[in-house]
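A short worksheet on the structure shown next.
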Amino acid sequence: MSKSYRSIAAERLWNQRLTTPGPRDPAAVVAWFGAVQAQEYGPAKWALAQRTRGQTTDADVQRAFDEGRILRTHVMRPTWHFVAAADIRWLLALTAPRVHRALTWGHTQLGTHAPLRNRAMAVIERALDEESALTRPELADRLARAKIRLKGTALALVVMHAELEGLVCSGPRRGRQSTYALLDRRVPAARPLDRDEALAELTTRYLRSHGPATVRDFVWWSGLTTADVRRGLEIVRARSSTVADRAYWTITSSRADAPPADVHLLPIYDEYLVAYRDLEAVPRGGTRWGMLPQAVVSRGQVAGVWKPILERDRIVVHLRAERRLTRDERARLARAAQRYGRFHGLPVAVR
């Protein structure tokens, strides 16, 4: 890996708040990023905790979620993302049209056409006006009472439509189950941003937390068009540097020439790996580990994969390394595992 790619990896680690102290509040971490992929709810909470200052626990992140300071919704690509409550309205206004377009084929195949979706949204609104929060099966039951029988992917698409339309968002967790609540009850009204303001805001959030990054990276992460992304770069006056004939954009100053000797236990779909399309600077480890592994990252590069297993009253971290780790890396890995254990309030061992 050339020195230039090493520098890109170092800057990304810093900007992603993996090698520099982040805020204490996990909701502030989400706001720093703009959006954080949360396809897997539990691992996504660990992704936030790793980027906070101090010993943030699972309960700390859960509290921010249940209080509504962090929301989980379909806002980009489309998949689940954590977003800050203050950002959800302008983000939906900017990105929802593209997500709607991506879902058109699914609606056509499953028969969830516009009139059905509109009827379903009216039922969902009435149901959540009566109850503060309902699970997806409970919403399906309310829809069935109104003679709208949906299940599986069809149900998911209709509820996702309600999210994209700004009708519903995540409610507090009920045990292991997710709930939905009316967005207007969960989130205070906010001044709408015009399109250029929203493009500038999302561009700033992405580059300050993920840069240096290419246009293709930003298009992939946001779901926006290439024209929109280039307009955002123009508005915020982003700077580019060329590595191997590819332009990498940033709005921050370079802070390091090489990644520090840190080891991180990243969850699946972590922003350090999932948020990029061009992979020369930080390869994901190839097909040996899968395209988006639960990765052990050392000096900015994937060094293996890990899997936590709950054994009675402790967590055992099982490791498969791509190469033999140095003594220093093993010591740093042990410290990373201990932090993971403290996040869950359990002792931990590495195997």
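The values are calculated or read from the model by the stated rules, or taken from the named source; none is laboratory data. Just so it is clear, the structure is predicted and the values come from calculations on it, not from any experiment. Every residue, glycine as well, gets a Cβ built from its backbone with ideal geometry; the counts of neighbours run over all protein chains shown. Note: areas computed on protein heavy atoms with side chains; ligands, DNA, RNA excluded. Shrake-Rupley method; radii C 1.70, N 1.55, O 1.52, S 1.80 Å.
Could you tell me what percent of the accessible area of the stretch 187-261 is made up of carbon and sulfur, with a 1.4 Å probe and every protein chain present?
50
Could you give each residue of the stretch 201-218 its phi-based ³J(HN,Hα) in whole Hz, using Karplus coefficients 6.51, -1.76, 1.60 with θ = phi - 60°, and x for Gly or Pro?
5, 5, 4, 4, 4, 5, 5, 5, 9, 10, x, x, 8, 8, 4, 4, 4, 5
Roughly how many percent of the accessible protein surface of the stretch 1-109 is carbon and sulfur, given a 1.4 Å probe and a whole-percent answer?
C and S fraction of accessible area: 52 percent.
Around Val168, which amide H atoms from residues at least 5 apart in sequence, or from another chain, sit under 5 Å from its own amide H, with H modelled in the peptide plane?
The answer is Glu163, Leu183.
Are there any trypsin sites (Lys or Arg not before Pro) in the stretch 108-175 that are in a DSSP loop and have at most 14 other Cβ atoms within 10 Å? List them by number.
Of the trypsin sites (Lys or Arg not before Pro), the ones in loops of the stretch 108-175 whose Cβ has at most 14 other Cβ atoms within 10 Å are Lys147, Arg149, Lys151.
For the stretch 116-172, what % of the accessible area comes from carbon and sulfur atoms, probe 1.4 Å?
About 46 percent, which is the carbon plus sulfur part of the accessible surface.
For the stretch 52-211, what is the charge dipole size about the Cα centre, in debye to the nearest 20, if Lys and Arg each add +1 at the Cβ and Asp and Glu each add -1 at the Cβ?
In total the dipole reaches around 460 debye.
Would you work out if the stretch 166-260 is rounded, prolate or oblate? Take a ≥ b ≥ c from the square roots of the eigenvalues of the alpha-carbon gyration tensor; rounded if a/c is under 1.5, else prolate when a/b is larger than b/c, oblate otherwise.
Verdict is prolate for the stretch 166-260.
Taking a probe of 1.4 Å, how large is the accessible area per residue of the chain, in Å²?
Accessible area per residue, the chain: 46 Å².
Which of rounded, prolate or oblate describes the stretch 14-135 when judged by the alpha-carbon gyration tensor and an a/c cut-off of 1.5?
Note, shape of the stretch 14-135 comes out prolate.
With +1 assigned to the C-beta of every Lys and Arg and -1 to the C-beta of every Asp and Glu, and no other charges, what is the dipole magnitude of the chain about the Cα centre in debye, to the nearest 20?
860
With Rg and the Kirkwood Rh both taken from Cα atoms, where does Rg over Rh land for the stretch 235-351?
So for the stretch 235-351, dividing Rg by the Kirkwood Rh gives 1.04.
I need the per residue convex hull volume for the chain, using only the alpha carbons, in cubic angstrom as a whole number.
145
Can you tell me, using C-alpha contacts under 8 Å and at least 6 residues apart, the relative contact order of the chain as a whole percent?
Contact order relative to length: 20 percent.
Could you give the distance between the Cα centres of the stretch 6-48 and the stretch 141-214, to the whole Å?
20
Contour minus end-to-end for Glu311 and Arg335, with contour as 0.36 nm per residue of separation and end-to-end as the Cα-Cα distance?
Difference between extended and current length: 6.7 nm.
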